[in-house]
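Just so you know, all these numbers are worked out from the coordinates, no wet-lab data involved. Quick caveat: nothing in here was measured; it's all calculated off a predicted structure. A quick note on method: Cβ atoms are made from the backbone with ideal geometry, for glycine too, and the neighbour counts reach across all protein chains shown.
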Amino acid sequence: MPEQNGFSELAKLMHQQPDRKTALRRVLSENYSQETLIDSLENQKPLTCRAAAYALGEIANEGAIPSLVGALTHDDPGTRANAEQALWSIWFRSEDESVDDMMQQGVIQIKKQRYDEAIQVFSEVIRIAADYAEGYNQRAIAYFMNDELSKSVEDCKRTIDLNPFHFGAFAGMGQCYLKLGDLTAALDAFQRAVEINPNLYAIARIIAEIQDTLQQHMEED
């Protein structure tokens, strides 16, 4: 990736077009390959790494996931944050426009607390795209909000089967087990989430609380 005066050309391009998503994606696709952007994650300049992570979120496919997961432990906080957001962006892209539209409809239903409707939408997504991990993950969220915890756990497991890097599904499964009162299973799920994404600080606090509780139970026994 070309550099001038210590600044990434990619970073400058993004700075000029921060809110023009369609135009930005077109220019990124025309000027940068996924492989080039992945290589740029190893750049020593934080600005370049941040820009590369952001750009991958805009145009990359699942092939970039392992590199972005690696960037979750980058020394630069901005790179870590952009890598996490990029992963979610990639996970939400199914490569089927109709499925993507349905996913957005389901997310809207969750925000409106219409969980039964959201479950119906995501179930249709799964019927159409049975190997699309995020369809299961979003339905797991809807099931959790609808207090259908066992179903939520099963969808989290299916998500992880399809996408072993999905720290969100591990965290969601942990929340289900926590609500079900299974602290050991919750701890395992939360720890696996943090192993993938060490930036889940709220989950790290829950892990510490569970460990304290389990230790107290052992001492009482």
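Within the chain, how many lysine pairs that are 8 or more places apart, or on different chains, have C-alpha atoms less than 20 Å apart?
5
Treating the beta-carbon of each Lys and Arg as +1 and of each Asp and Glu as -1, no other charges, what is the dipole magnitude of the chain about its Cα centre, to the nearest 20 debye?
Details: 20 positive and 35 negative charges, 147 e Å.
It comes to approximately 700 debye.
Go ahead and estimate [θ] at 222 nm for the chain from helices alone: -39,500 (n - 2.57) per DSSP H run with n ≥ 4, summed, over the residue count, rounded to 500.
On the way: 13 runs with 166 residues, N = 221.
One gets -23500 deg cm²/dmol as the mean residue ellipticity at 222 nm.
Using alpha carbon coordinates only, what is the Rg to Rh ratio of region 171-221, with Rh defined as the Kirkwood radius? Show your work: numbers first, answer last.
Details: Rg = 10.8 Å, Rh = 10.9 Å.
Ratio of gyration radius to Kirkwood radius for region 171-221: 0.99.
Dipole of the chain (Lys/Arg Cβ +1, Asp/Glu Cβ -1, origin at the Cα centre): which of C156, I90, F167 lies farthest to the positive side?
With unit charges placed on the Cβ atoms, the residue in question is I90.
Send over the semi-axes of region 25-140's equivalent ellipsoid, whole angstrom and largest first, taken as the square roots of 5 times the C-alpha gyration tensor eigenvalues. Kindly include the intermediate steps, with their values, before the conclusion.
Details: eigenvalues 184, 44, 25 Å².
Output for region 25-140: semi-axes of 30, 15, 11 Å.
How would you order 64-76, 90-102, 41-53 from highest to lowest mean count of nearby Cβ atoms within 10 Å? Walk me through the numbers on the way to the answer.
Numbers: 64-76: 18.2, 90-102: 15.6, 41-53: 21.3.
Averaged packing, sorted descending, gives the order 41-53, 64-76, 90-102.
What's the whole-number percent of alpha carbon pairs in the chain lying beyond 23 angstrom? The partial results should precede the final answer.
Numbers: 12958 of 24310 pairs.
Considering the chain, 53 percent of its Cα-Cα pairs are separated by more than 23 Å.
What span do the alpha-carbon atoms of region 128-187 cover on each of the three principal axes, reported in whole Å from largest to smallest?
34, 24, 13
Dividing the alpha-carbon Rg of region 60-123 by 2.2 N^0.38 Å yields what?
Working: Rg = 14.7 Å, N = 64, 2.2 N^0.38 = 10.7 Å.
Cα-based Rg divided by the globular estimate yields 1.38.
Using DSSP H assignments, which helices in the chain have an axial alpha-carbon span of 27 Å or above and a mean Kyte-Doolittle hydropathy of -0.5 or higher? Walk me through the numbers on the way to the answer.
Numbers: long enough: 201-220 (29 Å, -0.26).
Qualifying helices: 201-220.
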